[in-house]
Structure formats: C-alpha cells, structure tokens
1. In nm, to one decimal, how far is the modelled label at residue 16 from the one at residue 154, with both set 7 Å along Cα→Cβ?
2. Residues of region 142-159 with amide nitrogen under 16 Å from the 7 Å Cα-to-Cβ point of residue 23?
3. Based on the Cβ-Cβ distance of residue 200 and residue 39, what FRET efficiency does E = 1/(1 + (r/R0)^6) give at R0 = 51 Å, to the nearest 0.05?
4. Can you pull a Stokes-Einstein diffusion coefficient for region 158-276 at 20 °C (1.002 mPa s), Rh from Kirkwood over Cα pairs, as a whole number of µm²/s?
5. Quick one: length gained pulling residue 79 to residue 165 fully straight, 0.36 nm per residue minus the C-alpha distance?
6. For the pair residue 214 and residue 58, how long in nm is the line joining their label points, each one 7 Å along Cα→Cβ?
7. Within 10 Å, count the other beta carbons around each residue, average over each peptide in 265-273, 131-139, and list them highest first.
8. What is the spin-label model distance, in nm, from residue 146 to residue 30 if the labels are put 7 Å beyond Cα along the C-beta direction?
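Just so it is clear, none of the values below were taken in a lab; they were calculated from the coordinates. Remember, it's a predicted structure, so these values are computed and weren't measured experimentally. Virtual Cβ from ideal backbone geometry, glycine too; neighbours counted across all protein chains shown.
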C-alpha cells in the first residue's frame, strides 16, 4: 500500500505536539502534572458522554449537565491533590462525609432532565469510576514520586508499540472480536518485551525490588489491554471509529489514555498494599 504523505505528515505533527505537551506536564512540576491530567480528565469525560449519547440517545444528558460532571471531576481531582497536613486532612474528611450525597444529587438533577433518569445516573457514575477515580489515583502516586507514573506511561506506550509490531509480523489469531486487529501473538509478545525491559531497568535502577518491576509491568500490560478492549467495545456500540478528534490522525483523548485509566487502579493497589 502506498504511503499517504498528507496523512503521514498530519499524524507525525500531532504526535510531536502530543509528546511535547505530555513530557512538559509529566516532568516539569507536580502542579503541571495535576493540571495536565485535569485537562485530560475533562477531555475524556466529554468524549465518554459523546459515546453514551450514541449508545443510548434517550438517556443522553444536555450539555450543561455534561459540563457539570466535568466540573465535579475537576473538583474531586483538586481536592485529593492537596498536600497532606492537618488542615487539608480535615477538609478532605469533612467533604468526604458529603460525597455519599453526590450520587443522590446527580440522580435528582438527571430526573429533571430526562425521563430515563436512572440510566443517565448510572452513566454519570460510570464516568466518575472510569475516568475520575483513576486520574485521582495516578496523581496520588505522582505525589509520592514521578517514577511510577512515568514508568506506567512508558510501559503502556512500549506495550502498544511492541504489540503492534509483533502482531504485524507474527499475528495469526485474533485476540477478540471486539478488536479484530489485535492478535494473541502481538498481545503476548508486546507484554513479554515490556516486562523484560522493565526488569532490565529495575536491575540497574535499584529503585524497587526486581520482582516489583516485573509485577508492575505485568499488571500494566494486562490491565492496559483490557482497558483498550473496553474502549473499543464502547466505540463499537456507538458505531464510531474514534472517541474524538483532539489528535488529528490519532483520535481522541480516550483513545490515547484508555489503557492508563484501567491499569492505574490495579497498580495503585499493588504499590500501596504489597510493595515495601
């Protein structure tokens, strides 16, 4: 197949911009990291509701309600990004006591919007669980240090790239009908290469135990693959190719961060409950 020069240049230019923004947000300061993922959260939430609109048009929320969910997401991220001290601990505790009321408020507001309020309510909570909670947990890990969030992102990029290459050369068996282009050979090959690379890095870095690096890489690749399949399922149900158009030639924010959103909670649990 001949190379489409305009398409190639568009994808290359958007990739350069994307990588530049990501590296700036990841490596500059802690608040740059938080700001970056607040923006990513809003973009993902917007695309999530756009998919829900196509999957279930009857329960689709009007734009002002969708924007309200993005605002709630930012407030929650900002709240849990505060440095731990007595004042912020008291604030988080007091606000945390009110959080159980948030689902009830969302249900009441959605009831004023559509007859199918319960479906809209479930969709809104699904957005918070799918997007906001993982972003909060990722920021919590960033507040403990840059190494693990950066390592996770690199592992996901490595896994995606290696899975694509291995699948292109050796792929014969489709992984799932949800995403026919993914193969078992590519998925396993990408995961193994990523785990080996993480192990080599762990051997020379001495930051954590070697077994920790291997397990984190395994969790990231497996959970990340499921995250990719989940988003592919949503797009297939919505009958769209991409979740958005924020990156010309590459799709939307959910297309770029679907793996990270699912992998983060599992890595967070391992890091905080099993690592020394």
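1. Reported label-point gap for residue 16 and residue 154 is 2.4 nm.
2. Output list for this probe position: 150-151, 153-155, 157-158.
3. On the way: r = 33 Å, r/R0 = 0.65.
In this case the efficiency is close to 0.95.
4. The estimated diffusion coefficient comes to 141 µm²/s.
5. Numbers: separation 86, 0.36 × 86 = 30.96 nm, distance 4.10 nm.
Computed gain between residue 79 and residue 165 is 26.9 nm.
6. Placing both labels 7 Å beyond Cα along the Cβ direction yields 5.2 nm.
7. Details: 265-273: 16.6, 131-139: 23.2.
Most protected by this proxy first, the peptides run 131-139, 265-273.
8. Label at residue 146, label at residue 30, 1.3 nm between them.
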